[in-house]
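Quick notes on the structure that follows.
Read the figures in this text as sums done on the coordinates, not as results from a lab. Just so you know, these numbers come straight off a predicted model, no measurement behind them. All Cβ positions, even for glycine, are placed from backbone atoms using ideal geometry, and neighbour counts span all protein chains on display.
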Amino acid sequence: DSGVTQTPKHLITATGQRVTLRCSPRSGDLSVYWYQQSLDQGLQFLIQYYNGEERAKGNILERFSAQQFPDLHSELNLSSLELGDSALYFCASSRYSGANVLTFGAGSRLTVL
Amino acid sequence: AQTVTQSQPEMSVQEAETVTLSCTYDTSESNYYLFWYKQPPSRQMILVIRQEAYKQQNATENRFSVNFQKAAKSFSLKISDSQLGDTAMYFCAFMNGQGGSEKLVFGKGMKLTVNP
């Protein structure tokens with residue numbers, strides 16, 4: 001157990017729907033990152049939050065949004081889902097911004113039918 | 001933009017043998033970090049080893065060691081005494097050392113199979 005908790009582990013939904021993925025970072029970690037792993041794109045950085053504020057943004061679609069709450073957990077919202085959004089979504093956390101060591105959760109597998 | 005290339009998509013090795021996984025990267029930065037992550041069938045991303053670019057000494061972690069060639073922008077992973085549990089996808093990754101963001105840039109990965 002890495003200490004980073006992601007829910008749900010698996011999610012099956014239909015095109016056009018909206019889902020929310022949740023991440024609880026390791027105790028004491030202030031920074032949360034979201035990554036998408038798909039067969040065609042590999043592992044792609046989506047977005048980073050540090051202590052509630054957006055710190056860096058990567059290849060995140062406009063249909064996707066994220067936030068980090070005061071208790072430091074984070075949610076990734078995916079809307080108007082398309083077949084191509086089917087992927088493994090990872091959350092990772094680090095102690096602070098600049099720590100350069102990320103701990104990954106087990107991922108949330110999203111299947112869009 | 002930084003890029004990470006893993007040219008070998010797949011390798012297999014016999015148990016107890018030594019195997020080397022290759023990785024090259026491209027960056028104009030001078031301060032950065034390089035990583036090898038392991039992803040077993042459980043899908044969990046597990047940090048294997050980390051190298052700071054400013055350190056000349058190659059990092060080692062038990063059976064895992066790297067050959068870091070900064071001028072050549074090469075970062076290979078050597079696994080000694082391979083074990084069945086080493087079977088996994090291995091990803092090489094780059095992180096810029098400046099700017100306050102720990103964005104990891106990953107290679108496409110390499111599937112390693114350790115055979116009994």
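Data overview
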| read-out | value |
| --- | --- |
| Radius of gyration and Dmax over the Cα atoms of chain A, both given in Å | 13.1, 39 |
| Low-density loop cleavage sites - chymotrypsin sites (Phe, Trp or Tyr not before Pro) in the range B:79-111, where at most 13 other Cβ are within 10 Å (DSSP) | none |
| Mean Cα-pair separation over length for chain A, i.e. relative contact order, pairs under 8 Å, 6 or more apart, % | 37 |
| Taking chain B and dividing mean pair separation by its residue count, relative contact order in percent (alpha carbons under 8 Å, at least six apart) | 36 |
| Exercise: per-residue mean of other protein chain Cβ atoms within 10 Å, A:100-107 | 6 |
| Volume per residue of the C-alpha convex hull in the range B:18-116, rounded to whole Å³ | 97 |
| Loop-resident sites, the range A:1-80, for GluC sites (Glu not before Pro), counting at most 13 other Cβ within 10 Å (DSSP) | A:Glu62 |
| Where trypsin sites (Lys or Arg not before Pro) in DSSP loops with at most 11 other Cβ within 10 Å are excluded, longest remaining stretch of chain A | A:19-113 |
| Taking A:Asp85, B:Asp26 and counting other C-beta atoms within 10 Å, the order from fewest to most | B:Asp26, A:Asp85 |
| Qualifying lysines (Cα of each under 27 Å from Cα of A:Lys9; at least 8 residues distant if same chain) | A:Lys57, B:Lys38, B:Lys103, B:Lys108, B:Lys111 |
| R0 of 30 Å, Cβ-Cβ distance B:Ala72-A:Ser86: FRET efficiency to nearest 0.05 | 0.20 |
| Cα Rg over Rh - the protein assembly as shown, Kirkwood | 0.97 |
| Shielding by partners - mean other protein chain Cβ count within 10 Å, residues of A:34-47 | 3 |
| Near-label residues of the range B:102-116 by backbone N, under 19 Å of a point 7 Å along Cα→Cβ of B:Tyr54 | B:102-103 |
| Cα centroid separation - the range A:16-53 against the range B:20-37, whole Å | 22 |
